[in-house]
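Colleague: A single structure is presented below for examination.
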Amino acid sequence: MIILGVGLCVLVMVGVGLAVSRKVGGDSTNYLVAGRCLPSPLIGAALMGVAVDSNATLGNTDLAAEFGFWAGASLPLGLALCLVLTGLFVAKPMNRMGLLTLPDFYRRTYGRGVEVTASILMIFAFCILLAGNLVAGGFIFERFLGTGYTVGVLLIVALVLTATAAGGMFSNCYTAIIKVAVIVVAALALLAWVAVVHGITIPEGMGPFDFEQLTRPESGAVINWATLVSLGVGDIVALDFMQRIFSARSPESARRACFLGAGGTVLVGVPFALVAVSIPAILGDAPADGPVLLTLLDDVAPVGLAILVLSGIVAASFVTASGAVLATAAVSARNVLGARQERTPDGRDRLLRATRLAFLPVAALGVFFALRVPQTGILLTLAFDLMLASLVVPFLLGLFWRRASTAAAVAAIAVGGVVRLVLFALTPTVFGAENTLLYVPNDLVGAGFDGWPTFIAVTASLVAFVVTVLAGSDRRAETDAGAAPVSPHVQVDVAPSAEGARAGGT
């Protein structure tokens, strides 16, 4: 009964995704940024759709149940903070540039070499993000359909590819409307049921007003702040967020959409964290078999509520995985392989075809990470911690500091990335979970160091950028054509190039 209800929700989303695919019309601008014509409510739903994923639901509840409210709530709150900061400072200038992908900014600002480097780092990070959402599908299908975990992961990725490959950004944004409606109702209904039937039972030191979780290292403060900073700042260079900002019909629509998405993310994320701190009291001494929220829904919750919440979680995984695959495939085709918006002799759009071909290797890498690290919230934070360490400083200073240079960007990416990877390899845990990806046993660093690498790496990146700028020339790299690129500070007030011209204007 439960899996039938969830399956119906998924089929509706796939059907909607296929139905709106006709809007693409064989054009890569329509496919990647929905023709730059979407209004702020639709973009806001799409931004919320990728922010509230399985990491911010299952990952949120797992972390909150084990470590306290702030350990879990820092995931959705960090993502909401990112949308607020993006709306305040970044959405309008980035929308004005008429870009197709975020690495286009790095090419315009720093040149082709930095574009490729940034693209490879983003692809790696987003395959990790994709994996986190495939993990949720794997767990749910394994538990409620009786498949193996691997089969569940492959099933959810097949459904995502079916809908997204056809309709691109149009499919993703329209399915996000369904996801948002389901997940908001599910979150509030779950909170109401727990409060009325079982009561919100918060163990000592685990609640939202137990601020030692944010002030005392022994209570997880460093890790919680690292999570907030990784997502609140690192997610500013998220491919899927920016694809939606580029899809807005105007800079102001993009800005408003960010605030709408932030509000919706908090509305969903906080109830899940509040429910999570009560789950141990509800389940008693019985150990959770897999994610604690799935145990609650399977063993305790009414069937109707279980169907609603699980449909919301699967929809969340579906939309975010769809956005991650689309954005990553676009970057692979356009910014790494160099596919451009031009027609083949048979009239097909080269970039559109190359993006669709890139779907399979991107999905395969996401499946690899999902099978290697079957975690949810940890994968989300790790993905954007890597982005924070290497790419945020060149992005923000390239956008707002006229003296930003290619040499400074290279230094920031190299220093921040190397520092983060070295500290990652030396630390036995990552955001509270065992480091099973890249741990080198040593006597130098213990688990108490967890969280600090986030701040050390981004600080190293910032110092490297500023020192390089002050010590050298403030000239930017030359474009592929050999002319000095137009500064983003000027581009925001100038019509975009022919390649990036928006359909229909702003």
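Since every read-out is calculated from the coordinates, none of them should be taken as a lab result. All values derive from a computational prediction rather than experimental measurement. Don't worry about glycine lacking a Cβ; one is built from the backbone with ideal geometry, like all the others, and counts go over all protein chains shown.
Colleague: Work from the charge dipole of the chain (Cβ charges, +1 for Lys and Arg, -1 for Asp and Glu, about the Cα centre) and give the residue of Val194, Gly111, Ala414 farthest towards its positive end.
Modeller: So the residue furthest toward the plus end is Gly111.
Colleague: With axes computed from alpha carbons, what is the tilt in degrees of helix 303-331 against the longest principal axis of the chain, rounded to the nearest 10 within 0 to 90?
Modeller: So the inclination is approximately 20 degrees.
Colleague: Pairs of Cα atoms under 8 Å, at least six residues apart: use those to get the relative contact order of segment 193-344, whole percent. Walk me through the intermediate numbers first.
Modeller: Numbers: 57 pairs, mean separation 38.1, N = 152.
That works out to 25 percent.
Colleague: Here is a follow-up. May I ask for the angle, rounded to the nearest 10°, between helix 251-283 and the longest principal axis of the chain, with both axes built from Cα atoms and the value confined to 0 to 90°?
Modeller: Taking the Cα atoms of the chain, the angle to 251-283 is about 20 degrees.
Colleague: Another one. Tell me what the chain gives for mean residue ellipticity at 222 nm when only DSSP H runs of n ≥ 4 count, each as -39,500 (n - 2.57), the sum divided by the residue total, rounded to 500 deg cm²/dmol. Walk me through the intermediate numbers first.
Modeller: Numbers: 21 runs with 339 residues, N = 506.
My calculation for the chain gives -22500 deg cm²/dmol from helical runs alone.
Colleague: With the dipole of the chain worked out from charges on the C-beta (+1 for Lys and Arg, -1 for Asp and Glu) around the Cα centre, which of Ala248, Leu228, Gly451 lies farthest toward the positive end?
Modeller: So the residue we want is Ala248.
Colleague: Placing +1 on the Cβ of each Lys and Arg and -1 on the Cβ of each Asp and Glu in the chain, which of Val52, Gly269, Gly284 has its Cα farthest towards the positive end of the resulting dipole?
Modeller: It is Val52.
Colleague: What's the magnitude of the charge dipole for segment 290-380 around its Cα centre, counting Lys and Arg as +1 and Asp and Glu as -1 at the beta-carbon? Answer in Debye, nearest 20. Can you show the working numbers first?
Modeller: Working: 8 positive and 5 negative charges, 122 e Å.
It comes to approximately 580 debye.
Colleague: Next question. Using the crude model of +1 on Lys and Arg Cβ and -1 on Asp and Glu Cβ, and no other charge, please compute the dipole size for the chain relative to its Cα centre, in debye to 20. Show your work: numbers first, answer last.
Modeller: Details: 29 positive and 30 negative charges, 453 e Å.
It comes to approximately 2180 debye.
Colleague: Consider the candidate values (1) 192; (2) 294; (3) 133; state which one is volume of the Cα convex hull per residue in Å³ computed from the structure displayed.
Modeller: (3)
Colleague: Looking at the chain, which longest stretch skips every one of the GluC sites (Glu not before Pro) that is in a DSSP loop with at most 14 other Cβ atoms within 10 Å, leaving the sites themselves out? Write out the running numbers ahead of the final one.
Modeller: Details: sites that count: Glu204, Glu342, Glu478, Glu499.
Excluding the exposed sites themselves, the longest stretch runs over 1-203.
Colleague: What shape does segment 266-338 have by the C-alpha gyration tensor, where a ≥ b ≥ c are the square roots of the eigenvalues, rounded means a/c under 1.5, and otherwise prolate means a/b greater than b/c and oblate the rest? Can you show the working numbers first?
Modeller: Details: a/c = 2.94, a/b = 2.79, b/c = 1.06.
Judged from the Cα gyration tensor, segment 266-338 comes out prolate (a/c at least 1.5, a/b above b/c).
Colleague: Rounded, prolate or oblate, given the Cα gyration tensor of segment 1-83, with a/c below 1.5 counting as rounded?
Modeller: Details: a/c = 3.69, a/b = 1.53, b/c = 2.41.
Oblate shape, in that a/c is at least 1.5 and b/c is the bigger or equal ratio.
Colleague: List the relative contact order of segment 271-370 as a percent without decimals, with contacts defined as Cα pairs under 8 Å and 6+ residues apart. Mind dumping the intermediate values first?
Modeller: Details: 50 pairs, mean separation 17.3, N = 100.
It comes to 17 percent, rounded to a whole number.
Colleague: A further question follows. Is the C-alpha gyration tensor of segment 211-324 telling us rounded, prolate or oblate? Criteria: a/c under 1.5 is rounded; beyond that, a/b larger than b/c is prolate, otherwise oblate. Before the final figure, lay out the partial values.
Modeller: On the way: a/c = 2.56, a/b = 1.40, b/c = 1.83.
It comes out oblate by the Cα gyration axes.
Colleague: If amide hydrogens are placed 1.01 Å from N in the peptide plane, which non-local residues have theirs closer than 5 Å to the one on Thr429?
Modeller: Asn435
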